[in-house]
Ligand SMILES: [Zn+2]
Ligand SMILES: [Zn+2]
């Protein structure tokens with residue numbers, strides 16, 4: 001996820017453990033393996049901006065509604081860096097980061113639903129929600145005010161195991177390339193959801209920023225059938241953007257070229273976290289067009305009312321997506337053979353991997369392979 005989220009003070013799994021002490025007998029029937037007490041290892045940041053160190057811990061009993069997963073791969077997202085460095089002021093330490101998890105279920109709490117030990121699942125930005133609020137009951141679990149972020153007040157996926165509420169353990173389609181699938185679980189759904197909500201296959205779609213998020217957005221929009229324009233500040237990414245399926249590539253620094261596209265796009269998805277010539281960008285929207293923001297640019301985006309009024313345009317944003325949206329995205333990705341372009345590091349090289357991401361040189365997402 002690319003924006004901040006409300007963070008309960010206490011990890012949800014611990015709350016659930018307290019509530020579920022009486023269920024331990026039933027739990028032992030469905031649990032599998034020796035439990036995490038002896039087997040849990042994690043890469044831990046003790047405080048902001050510090051290198052992560054390998055630690056062991058006792059996770060205690062598994063919550064009634066929780067699933068325990070042996071981590072195989074975990075993508076590295078820019079939000080992991082933001083939380084490591086406490087850029088949003090909501091980090092909690094010690095922190096175990098990692099929220100693009102691919103792994104296999106090793107234990108199930110007694111009240112989990114629809115999952116099996118041994119099943120391959122993914123976990124993204126959220127690993128819990130209250131399951132009873134208006135948003136959860138409407139299928140918008142990712143908008144739950146009590147959403148439990150996987151890496152804030154909860155142990156994330158740069159570890160031998162991760163725990164999640166059963167609803168947020170997303171079954172992975174058999175056809176998916178599991179080693180590459182991690183980045184789909186946060187970055188992928190972040191850019192797929194706006195397309196699913198707002199695009200038609202006949203639309204002209206612009207993807208602003210060809211990086212970790214943007215290159216997946218180009219692939220999804222191209223597979224969906226849209227006419228896709230990639231906006232990038234890097235000339236070196238032009239050919240790669242076309243390789244991902246972009247029909248056109250425009251320099252995001254070239255205001256003249258952007259102005260020539262006035263009135264063209266039905267949907268623009270902005271994945272960048274730097275200010276752009278927003279006036280020119282909004283001017284490229286067709287009547288009824290929409291600028292949709294998923295990149296966490298900290299500077300406000302100036303939106304002149306007149307440019308919205310004339311042409312009935314809109315500006316919107318979104319975080320990740322619901323469990324059902326993630327499942328739908330994974331099915332779409334498997335059907336169209338869409339995978340992120342990745343660089344792999346063994347998880348023991350986690351600090352090198354973070355440095356590589358922060359250098360801006362990674363093409364285009366980093367995946368850490370568990371090597372505990
Ligand atoms: Zn993320
Ligand atoms: Zn809820």
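The residue that is nearest to residue 268 (Cα to Cα), counting only those in the range 282-329 that are assigned to a helix (DSSP H, G or I) and touching a strand residue (DSSP E or B) at 6+ places or on another chain (Cβ under 7 Å), is 282.
Between 225, 209, which is more than 16 Å from ligand 2 (Cβ to nearest atom), out of contact with any helix residue (DSSP H, G or I) (no Cβ under 9 Å at 6 or more places or on another chain) and on the phi > 0 side of the Ramachandran plot? Can you show your working first?
Working: 209 fails: out of contact with any helix residue (DSSP H, G or I) (no Cβ under 9 Å at 6 or more places or on another chain).
Being more than 16 Å from ligand 2 (Cβ to nearest atom), out of contact with any helix residue (DSSP H, G or I) (no Cβ under 9 Å at 6 or more places or on another chain) and on the phi > 0 side of the Ramachandran plot holds for just one of 225, 209, which is 225.
This table checks each residue for (1) buried (at least 18 other Cβ atoms within 10 Å of the Cβ); (2) at pLDDT below 90.
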residue	(1), (2)
269	yes, no
274	no, yes
278	yes, no
282	yes, no
285	yes, no
289	yes, no
297	no, yes
300	no, no
308	no, no
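Would you confirm, using the coordinates I've provided, whether residue 72 is more than 16 Å from ligand 1 (Cβ to nearest atom), over 21 Å from residue 186 (Cβ atoms) and outside any loop (DSSP other than H, G, I, E, B)? So residue 72 fails the test.
The set of residues from the range 125-149 being out of contact with any helix residue (DSSP H, G or I) (no Cβ under 8 Å at 6 or more places or on another chain), more than 7 Å from ligand 2 (Cβ to nearest atom) and either on the phi > 0 side of the Ramachandran plot or part of a loop (DSSP other than H, G, I, E, B) (or both) comprises 138, 140.
Against the conditions (1) without any contact (Cβ under 8 Å) to a residue 12 or more places away in the chain; (2) within 19 Å of the chain's Cα centre (by Cα); (3) within 26 Å of residue 70 (Cβ to Cβ), residue 352 satisfies every one except (2).
The values are calculated or read from the model by the stated rules, or taken from the named source; none is laboratory data. What you are looking at is a predicted structure, and each value in this text was computed from that prediction instead of being measured. Glycine gets a Cβ as well: all are built from the backbone with ideal geometry, and neighbour counts include every protein chain shown.
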